[in-house]
Amino acid sequence: MDTARGVACLLVAVICLSCAAAAAARSPAARLHRHLKRLNKPAVKSIESPDGDIIDCVHISHQPAFDHPYLKNHTIQMRPNYHPERLYDESKTNVASSSNDERPMAQLWHQNGRCPEGTVPIRRTKKDDLLRASSMRRYGRKRHTTANPMSVNPTMLNEGGHQHAIAYVQGDKYYGAKATINVWEPKIEQPNEFSLSQLWILGGSFGEDLNSIEAGWQVSPDLYGDNNTRLFTYWTSDAYQATGCYNMLCSGFVQINSEIAMGASIFPTSSYSGSQYDISILIWKDPKEGNWWMQFGKDYVLGYWPSFLFSYLADSASMVEWGGEVVNSQPDGVHTSTQMGSGHFPEEGFSKASYFKNVQVVDSTNNLKAPKGMGTFTEQSNCYDVQNGNNGDWGTYFYYGGPGRSSNCQ
């Protein structure tokens, strides 16, 4: 009898331990640990940036893109077959050019080292990054935010809390876009707000089937935990619902470059009436493989979004947008003071207002050309505005931005 009672007690103890282990595995701390392990791949080398970021140098075949089931056996395309206006030149070495008005750009982590060939630099996701997110499932994802210039309802100006000042083209088939973007560090009022300047490559409708490829710079305390200006990318194939993410925070974008990290701080940034710093971004569709490639500066081809990620963009884009976007959470019931661009209106001009210059699209012959019939759009021009122009030095350009809340913007 005592033996049987002992066996029963031991069985109960084992069951209790199993239940406790199962409960621990389901705990928020355990889920957080598993999510971090999924996001952060084993590093060949790690570099601490002066801003506190950790940049992990991950073997090119171990990057997050290969978590995607369609990419498990994917052969990495190490170079595009075509480049707008010329065959791809493998001698690309420099990040940017400089002129009297434009200084070369770098990323802050470069001050403490570089990643070796055969690896890609990935900003490490930290525990605090996930804890700031509304949920682990939504971490690294946008809400539906693309500006639709064709549908402006004055009673819904702040729907979703996003406001824009953009230039755009539509009505043709577009196979890419390019722009040189003035880089600033706009002030953000609330941690859950952001300010960005980017280009959008769009296909489909503005309903639930929107395809979008996006790249530029942003300040987002919620996503990164600070107010630094950072290079970013985004993609979605279903209007920001279940697909896509920022940077390398999900499978999708395939990086081939060992020099530039998505989500890392850009340094330096422009100052009012002082030195001006620009970045150049080109996105284009490889006509042979169909993948959408991204180039940073004159010479860094970063990688590509495989064509199978998209429905409409598997063929071409139907609209391209360039410009700024902010989140207006209306703190205390009034308009946010979060700045767009430099925080100054377009009419202040060079070294005071932010700009996009050398704005171009890629046509069906894989050539860069000036956009035809470019329009402008802003929901509230008394908060953030946009003014376009054209000249010999800058080609097609526009100034944009503003301070947000003021006596004229409530």
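For the reader, a short list of remarks on this structure follows.
- Number of positions in the range 292-319 that are within 18 Å of Gly244 (Cα to Cα), open to solvent by 40 Å² or more (accessible area, probe 1.4 Å) and part of a loop (DSSP other than H, G, I, E, B): 1
- The residues in the range 26-76 that are of a type in the set (A, V, I, L, M, F, W, C), at pLDDT 95 or above and surrounded by fewer than 18 Cβ atoms within 10 Å (Cβ to Cβ) can be counted, and the count is 2.
- Of the strands (runs of 3 or more DSSP E) lying entirely inside the range 360-410, those containing at least 2 residues that are under 25 Å from the mean Cα position of the chain (by Cα) and farther than 30 Å from His83 by Cβ are 375-378, 385-391.
- Of all residues in the range 207-241, those satisfying the criterion of being hydrophobic (A, V, I, L, M, F, W, C) and touching a Ser or Thr at 6+ places or on another chain (Cβ under 7 Å) are Leu210, Ala215, Trp217, Val219, Trp235.
- Within the range 386-394, the presence of at least one residue that is more than 30 Å from Glu208 (Cα to Cα) and among the hydrophobic types (A, V, I, L, M, F, W, C) is confirmed.
- Filtered by the rule that a residue be open to solvent by 10 Å² or more (accessible area, probe 1.4 Å) and either within 13 Å of Gln198 (Cβ to Cβ) or part of a loop (DSSP other than H, G, I, E, B) (or both), the range 158-179 gives Asn158, His162, Tyr168, Tyr175, Lys178.
The values are calculated or read from the model by the stated rules, or taken from the named source; none is laboratory data. These figures come from a predicted structure and were not determined experimentally. Using ideal geometry, Cβ is built from the backbone for each residue, glycine included, and neighbour counts are taken over all protein chains shown. SASA here: full protein model, heavy atoms, side chains in, ligands and nucleic acids out. Shrake-Rupley method; radii C 1.70, N 1.55, O 1.52, S 1.80 Å.
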